[in-house]
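Undergrad: Below is a structure I'd like to ask you about.
The values are calculated or read from the model by the stated rules, or taken from the named source; none is laboratory data. Treat the numbers as computed from the prediction; the structure is a model and nothing was measured. Glycine also receives a Cβ, built like all others from the backbone with ideal geometry; neighbour counts cover every protein chain displayed. Each accessible area value is taken on the protein alone, full model and side chains, heavy atoms only, with ligands, DNA and RNA left out. Shrake-Rupley method; radii C 1.70, N 1.55, O 1.52, S 1.80 Å.
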Amino acid sequence: MSLAGLAMFLWPLWIPAQPTVVQHTVDAPFVFMAVLPALVLIVLAEISEGGMDSKALAMLGVLSAINAALRPLGAGTMGIEVIFFLMVLAGRVFGPGFGFVLGCTSMFASALLTAGVGPWLPFQMLCAAWIGLGAGLLPRRISGKAEIAMLAVYGVLVAYTFGALMNMWFWPFVTGASVSGIEGSLAYEPGAPVLDNLHRFLVFTLFTSTLGWDTGRAVTNALLIVVLGPALLTTLRRASRRASFGVRGTFGRRDTGARSATTRPGGTAEATSLTSSTTHP
């Protein structure tokens, strides 16, 4: 799913695309129709492997609803967005599969709530899914303050990555892209070498997104993770333990140390172990 998503973003670097006033109006519905079945397959795979059950699906719905409600609070003003830090924390606690699905559902639900449905939506869903996926793949042995620092740094990195990928969504189709103070055009050139177009794109992103909106998003992510991260991680992990995410019951025999005496027909006594029929996880 991730490889297909990267191809959806980066194909103009290898296959010439023609600039147009309206971007992705033709292919965006097909991308959306490809994302939804793949999302369902990922959920089914998680359920079949024991990584997600009915309680996990309920948690997914709750967190998606919270993210949908949080998004209008920032609305992207000066890059301030409060939707991503919860994806990072939830992906860290519940794993990469859960984080991937949460990113998709959060963006979809928030778009419906804020009337933000458009050709950009499937691309936003993929970017948010990668944020949750990456958080679940971070090293598991790190804990305490080091864990919060790692998640804060990760929040900064994904803020800039999200901005760059969403720029790639529309940049190849923009006509006459230029930046004040930079000589020459920064627009996409169909058929130009990959490195030349990539250089123009990086300069375009640096001056139009990285130094402004993306920095605001990065600061917001880091602050929210540092301030709210410890308490939310504790709460989410407590919910994970109570819901027994990824844990399956095992059944067997366990010696409790207690013995009872039974008498054989010959008059001899035999000690018999009392056993428990279940072993709790």
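Undergrad: What nm value, rounded to one decimal, do you get for the distance between Ser2 and Ser54 when each label is placed 7 Å out toward the C-beta?
TA: Between Ser2 and Ser54, the label points sit 3.2 nm apart.
Undergrad: Once you have the Cα-Cα distance between Val62 and Ile142, take 0.36 nm times their residue separation minus that, and quote the gain in nm to one decimal.
TA: Net length gain for the segment: 26.1 nm.
Undergrad: Give the average over all directions of the projected area of the C-alpha convex hull of segment 93-239, one decimal, in nm².
TA: In nm², the orientation-averaged hull projection of segment 93-239 is 10.8.
Undergrad: In nm, to one decimal, how far is the modelled label at Arg241 from the one at Leu113, with both set 7 Å along Cα→Cβ?
TA: A separation of 2.9 nm, rounded to one decimal place.
Undergrad: How do Trp130, Trp14, Trp171, Trp213 rank by accessible surface area computed with a 1.4 Å probe, from largest to smallest?
TA: Heavy-atom accessible area, descending, gives Trp14, Trp213, Trp130, Trp171.
Undergrad: What ranking do 230-241, 189-200, 82-93 get when scored by the average of other Cβ atoms within 10 Å per residue, highest first?
TA: The most tightly packed comes first, giving 82-93, 230-241, 189-200.
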